[in-house]
Amino acid sequence: MEPTQSPAAAKPRWVMLMDSHGCSGSEDVADAKTTAASCTSTGWRFRVSFAIAAPPAFSFLHSDMLGGAPAGEERHGPPEPSVIAAHGDSVLFRMAVDCFVYTAGSVVSRLPSLSLLPAGSRALSLQDTGILRRGDDELLVVDLTVSRTCRPPRAMAELCVLRLANDWEINTAVPIVHGDGGGKGGDGLPDFWKAVAAVPVGDRYLCWINYLSGFLLCDMADKTSPPKLPYVRLPDALTRDKEVEDEDDDDCYSCNGDEKPTLKRSRNMCAAGASSVRLVSVDPRCCCGGPGSSSCHRSRHAFTVTTWTMTLRPDKPMAWVKDGVLDSDELWALPEYGSLPRVPLQYPVVSSDDADIVCFVVRSDYGRYLADSQTWTVEVNTRSKTLRSVVPCSSFMAWKAESIITAKLNIR
């Protein structure tokens with residue numbers, strides 16, 4: 001049976017967003033109702049809009065220049081947008097040397113808008129920067145800097161907060177304190193800890209996650225005490241206290257321009273309500289059912305998808321609760337799976353609308369290069385263990401899946 005594609009929802013409740021730079025082969029058409037225009041500090045006039053698709057298909061941020069190059073910019077090509085962060089209906093992106101916040105239009109009256117961050121804003125990045133929508137009137141841009149020294153304990157960080165229409169508030173020497181989660185004590189961060197994504201939760205929390213070890217939690221609603229960053233370990237089954245072997249193994253890891261793997265190909269964390277997070281991990285399974293890859297040809301690509309949930313309570317004990325395990329044999333046996341390759345799922349993305357829904361990439365060239373490779377995105381309900389949708393996509397888009405950001409963009 002061939003895999004089927006579910007019809008796209010006219011107005012999806014959430015999207016998997018990436019910028020269109022380098023995706024010129026995409027046939028997606030931007031929705032005119034999402035258009036907003038502005039100007040960079042160097043004089044480039046532009047407009048942005050979004051090509052919206054229901055997951056597991058990708059949505060894109062597009063840009064168009066309005067007019068020619070400004071004086072002094074003739075030798076530079078037109079800038080391309082690069083998505084940094086999103087929360088709800090707001091998207092932070094970089095345009096040349098500037099950063100803008102896009103706010104979607106409301107169903108009733110508000111039009112889409114662009115807000116330019118203050119001149120000389122910090123070098124914001126996908127890994128270290130998050131945004132947090134707090135009600136209708138407040139939006140925070142938050143940037144985290146952690147020393148990259150390998151000498152433990154790394155017990156301090158710099159936290160910079162920007163409230164739109166204000167300037168940066170710089171908090172230096174913010175203490176990193178031990179939280180719960182994995183259950184192993186000790187303050188500070190592990191050697192070489194580095195955030196790979198910032199996750200907004202409700203209208204209160206931001207989490208900076210490292211999929212090898214744990215995350216830093218910041219309560220942005222606490223204005224009565226100095227800021228602090230509880231460090232919360234991942235479940236014991238997932239933590240790695242020593243350097244990961246086989247760092248060049250493309251089947252398991254991805255390296256974000258660094259010497260350390262990020263595991264974004266196999267793990268993802270997202271909000272699961274106003275004060276909880278959901279963690280999903282794709283891990284190899286031996287043919288005997290235990291953890292670890294198998295040398296048996298029949299089950300050499302066998303895997304499990306495990307999900308955990310944690311309720312965030314910065315000043316109280318926190319613990320991971322395992323929600324369930326989906327085995328590859330259960331997934332492959334579904335008639336909807338059809339003739340898709342029996343290989344590990346990659347790049348999990350937890351839905352920001354329903355934490356039981358996870359989207360993945362499936363590649364026919366898993367572990368090797370094929371000139372005629374094929375790629376699909378699939379949507380799975382990990383609780384009911386059902387395959388909801390299968391959508392073909394280009395291999396290049398799948399390669400960019402590491403930079404996917406979830407958002408909720410209202411279409412008027």
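The values are calculated or read from the model by the stated rules, or taken from the named source; none is laboratory data. Nothing here was measured: the structure is a model prediction, and the numbers come from that model. Ideal geometry is used to build each Cβ from the backbone, glycine not excepted, and the neighbour counts take in all protein chains shown. What goes into the accessible areas is simple: the full protein's heavy atoms, side chains included, and nothing from ligands, DNA or RNA. Shrake-Rupley method; radii C 1.70, N 1.55, O 1.52, S 1.80 Å.
What the table below lists for this structure:
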read-out	value
Sequence-distant residues sharing a close amide H with Ala407 (under 5 Å, placed H)	Val15, Leu17
Surface share of carbon and sulfur [accessible, 1.4 angstrom probe, percent] for the range 34-116	51 percent
Residues Ala123 and Cys39, FRET efficiency given R0 of 25 Å [Cβ-Cβ distance, rounded to 0.05]	0.75
For peptides 44-52, 314-322, sequence by mean Cβ density within 10 Å, most packed first	44-52, 314-322
Packing-based order for 378-389, 206-217, 79-90, 63-74, using average beta carbon neighbours within 10 Å, highest first	206-217, 79-90, 378-389, 63-74
Heavy-atom accessible surface of the range 299-412: percent carbon and sulfur, 1.4 Å	51 percent
Within-9-Å neighbourhood charge of Leu387 [Cβ basis; K, R +1; D, E -1]	0
Distance in nm between pseudo-label sites at Asp167 and Asp354 (7 Å out along the Cβ direction from Cα)	4.8 nm
Under-5 Å amide H pairs with Leu164, H placed in peptide plane, nonlocal only	Leu139, Val141
Where labels lie 7 Å past Cα in the beta-carbon direction, separation of Ser373 and Arg13 in nm	3.4 nm
Full-stretch length increase - Ser395, Glu330 - with 0.36 nm per residue and alpha-carbon distance subtracted	20.8 nm
Residues with amide H under 5 Å from that of Ser276, placed H, sequence gap 5 or more	Leu312
